[in-house]
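Chemist: Handing you a structure now.
Derivation of every value follows stated rules applied to the coordinates shown; laboratory data play no part. Worth saying up front: this structure is predicted, and the values here are computed from it rather than measured. Virtual Cβ from ideal backbone geometry, glycine too; neighbours counted across all protein chains shown.
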Amino acid sequence: MDPVVIGVAVVAMAGVAAQWLAWRFQLPAIVLLLVAGAVVGPVGGIIEPTAEFDTLVKPVVAIAVAIILFEGGLTLNFHQISETSKAVRRLVVLGAPIAFVLGALNAYYVAGLSLWPALVFGGILVVTGPTVIIPLLRQAQLAKRPASLLRWEAILADPLGALIAVFVYETFLVLSGQHHVDTLLLRIVFALALGAGGGWLLGRALVWAFVRGHVPEFLKTPLILASVLTAYAGSNVLLEESGLLTVTVFGLALGNSRIASLGEVKRFKEIMTILLVSAVFIVLTASLKPEELVSALEPRTLAFVAVLLLIVRPASVWLSTLGTGLSVNERLLVGWIAPRGVVAVAVSGLFAGLLAARGIADGERLVPLAFAVVVVTVVAHGFSIGPLARRLGLSSGGAGGLFIVGANRFTVALAEKLKSLEVPVLVADRNWGRLRAARQAGLATHYGEVLSEVAEHTLSLGSYSHLLAASDNDDYNALVCTNFGPEIGRSQVLQIGRSDDEAAHQQLMVTLGGRPFLPDAGGLWALETKIAQGWRISATALREEFDFAAMKAARAEGAFTVLVVTGGGRLMVGPFEEARTPKPGDMVLNMVPPEEPPRAARNGAVPQ
């Protein structure tokens with residue numbers, strides 16, 4: 001078997017396995033990717049990318065970074081920056097130069113690099129990187145404003161840091177007599193014009209072609225991918241690494257357009273980005289030699305990283321965000337969170353070779369230094385972002401809440417009970433009158449069409465792990481579940497009124513709609529009728545001596561379980577099987593009839 005094929009298979013499986021373990025055990029995915037890379041590479045010796053992939057490593061990593069940055073730009077919408085636009089501008093325009101100067105001084109005096117490698121490395125360390133920020137934001141459930149700020153900064157600062165490093169290197173060539181200054185200035189102007197202007201024009205040109213129908217649906221995504229690669233390569237011909245700016249602006253132009261097929265493109269690019277981030281991190285980590293891993297743990301290197309985290313980053317954030325309206329807690333969080341990722345390692349590898357070829361020996365130290373920064377920042381920030389956000393009051397409240405679409409007697413009663421248990425709940429409806437009962441109950445509400453573009457930019461779903469579509473229109477419920485499925489999770493979108501035993505001619509495609517919610521309850525009309533007749537939703541806490549089976553045996557005849565709030569604050573929806581039975585410490589929400597109080601109360605349960 002070809003060792004290249006085996007290597008690719010190992011990298012792919014290790015990447016997916018690391019991502020799954022991160023999801024399963026709520027750990028930072030980037031940390032596990034680094035561990036996986038070390039296990040299959042320098043520690044376990046399963047693969048050796050530099051030998052098996054030879055000259056393919058650098059170009060493949062470069063292409064992957066370009067696609068990742070494009071996908072990052074594609075997800076940035078100008079509507080989302082309204083609350084943080086001033087802070088983002090300051091972080092990019094003012095914070096980046098401050099971080100560059102302080103980072104270069106840190107590299108020169110603390111890490112012990114000579115002048116030009118220190119200046120180049122100072123530029124590289126400006127980046128924070130969407131490859132690490134976006135997975136952390138997905139895990140940490142930050143409030144909307146700090147999450148938006150960190151996301152925008154990561155994507156916009158990535159190409160900026162690479163360009164600063166390029167300009168420093170080109171200046172070194174001019175001062176050493178290997179380039180003329182007028183040539184440098186001309187290349188810089190052309191690169192910036194092509195990067196900003198060319199990327200934007202390319203994006204608008206594709207939008208025009210899509211809207212006018214000049215490109216069929218099946219070719220849109222392949223054309224976009226080919227355009228990303230062409231724009232990246234073409235821009236790099238003028239100035240090395242300027243392609244990163246081009247593809248970022250290209251993604252911004254396309255992501256802020258109004259084309260119907262953009263959702264499918266975003267989902268495809270997100271899947272590609274997850275695979276590419278996994279593969280790139282594993283390949284780069286596996287490419288390290290054991291001696292490089294040891295050098296990353298030297299006292300001088302660790303001191304350099306400590307100064308970077310505790311002085312350089314906080315100083316650049318606090319100085320650049322003065323007068324931007326950010327709270328002290330928001331500035332504390334942003335001043336701490338700045339993990340470096342793929343771009344920092346990839347660009348360091350590029351300039352390490354260029355500087356070494358020009359006779360600067362310590363240029364080769366850039367790669368182990370960059371790797372040390374990546375490992376320490378990813379581990380430190382990956383494990384601290386969630387607890388720190390909660391401590392500072394900047395968490396969106398966890399991911400155990402319920403987003404309800406459709407206000408009626410049953411959903412308002414369910415929402416009231418969840419609120420009493422301190423579970424985040426939001427009731428949305430496009431009819432103002434139907435929301436009256438929810439507003440009177442003090443529930444969080446959203447008035448408007450949840451499928452509209454306005455709702456896409458104003459609804460923050462970070463606090464909600466499940467969605468319940470419970471309007472009186474089954475087709476609308478299916479459309480809502482289909483739309484929110486990719487964002488919330490296909491198995492976490494629930495649709496009331498669907499039944500597994502519907503007639504074949506009435507059933508929707510299995511790819512449409514959500515999981516049936518209470519399929520044996522008779523549908524929404526039956527549930528509303530029960531509430532009108534005096535049925536209520538009670539909450540019963542399970543204990544060791546009063547488990548789920550005992551509770552079912554003790555509750556009133558006709559009562560049934562609606563859902564369960566676990567001891568950890570998560571929602572659990574039926575059907576409940578042996579492997580998914582509620583455990584002691586969980587709270588079971590039952591629909592109970594009005595004729596008599598639940599017998600569970602008389603048997604020692606704790607109804608609430």
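Chemist: In Å and on Cα atoms, what radius of gyration and Dmax does segment 1-43 show?
Modeler: 11.2, 36
Chemist: So, one more: Which is farthest toward the positive dipole end of the chain among Val345, Met587, Phe218, measuring Cα position about the Cα centre, with Cβ charges +1 (Lys, Arg) and -1 (Asp, Glu)?
Modeler: Met587
Chemist: How large is the Kirkwood hydrodynamic radius of segment 153-254, counting all unique pairs of alpha carbons, in Å? Present the calculation step by step, with values, prior to reporting the outcome.
Modeler: Values: mean 1/r = 0.0689 Å⁻¹.
When all Cα pairs of segment 153-254 are included, the Kirkwood radius is 14.5 Å.
Chemist: If you consider only alpha-carbon coordinates, what radius of gyration and Dmax does segment 421-496 have, in Å?
Modeler: Gyration radius and largest Cα-Cα distance of segment 421-496: 12.2, 33 Å.
Chemist: Moving on. Take the alpha-carbon centre of segment 329-373, take the same for segment 543-576, and report the distance between them in whole Å.
Modeler: 52 Å
Chemist: Using only DSSP helix segments of four residues or longer, with each worth -39500 (n - 2.57), what per-residue ellipticity at 222 nm results for the chain after dividing by its residue count and rounding to 500?
Modeler: Numbers: 27 runs with 347 residues, N = 608.
Result for the chain: -18000 deg cm²/dmol, rounded to the nearest 500.
Chemist: Farthest toward the dipole's positive end in the chain, which of Ala9, Ala478, Pro97, given Cβ charges of +1 (Lys, Arg) and -1 (Asp, Glu) about the Cα centre?
Modeler: The one lying farthest along the dipole's positive direction is Pro97.
Chemist: Moving to a separate point now. Treating only the Cβ of Lys, Arg, Asp and Glu as charged (+1, +1, -1, -1), what charge dipole size does the chain show about its Cα centre? Round to the nearest 20 debye.
Modeler: 1440 debye
Chemist: Okay, next question. Could you tally the net charge around Tyr476, taking each other residue with its Cβ under 12 Å from the Cβ of Tyr476, Lys/Arg +1 and Asp/Glu -1?
Modeler: On the way: positive: Arg430; negative: Asp429, Glu449, Asp472, Asp474, Asp475.
Combined, the nearby Lys, Arg, Asp and Glu give -4.
Chemist: Take the alpha-carbon centre of segment 519-539, take the same for segment 199-215, and report the distance between them in whole Å.
Modeler: Here the two parts' Cα centres lie 51 Å apart.
Chemist: Pick out, in residue order, every one of the trypsin sites (Lys or Arg not before Pro) in segment 146-233 that is DSSP loop and has at most 12 other C-beta atoms within 10 Å; say none if there are none.
Modeler: Values: sites: Arg151, Arg187, Arg204, Arg212, Lys220; in loops: Arg212.
For trypsin sites (Lys or Arg not before Pro) across segment 146-233 that sit outside H, G, I, E and B with at most 12 neighbouring Cβ atoms in 10 Å, the list reads Arg212.
Chemist: Within the chain, what percent of beta bridges assigned by DSSP are antiparallel, to the nearest 5? All intermediate terms of the calculation are to be shown ahead of the outcome.
Modeler: On the way: 17 of 36 bridges.
Percent antiparallel among DSSP bridges in the chain is about 45.
Chemist: Taking the Cβ of Gly95 as the center, what net charge do the other residues with Cβ under 13 Å away carry, scoring Lys and Arg +1 and Asp and Glu -1? Display every interim value, and only then the final one.
Modeler: Values: positive: Lys86, Arg89, Arg90, Arg313, Arg331; negative: Glu153.
Counting the neighbours of Gly95, the net charge comes to +4.
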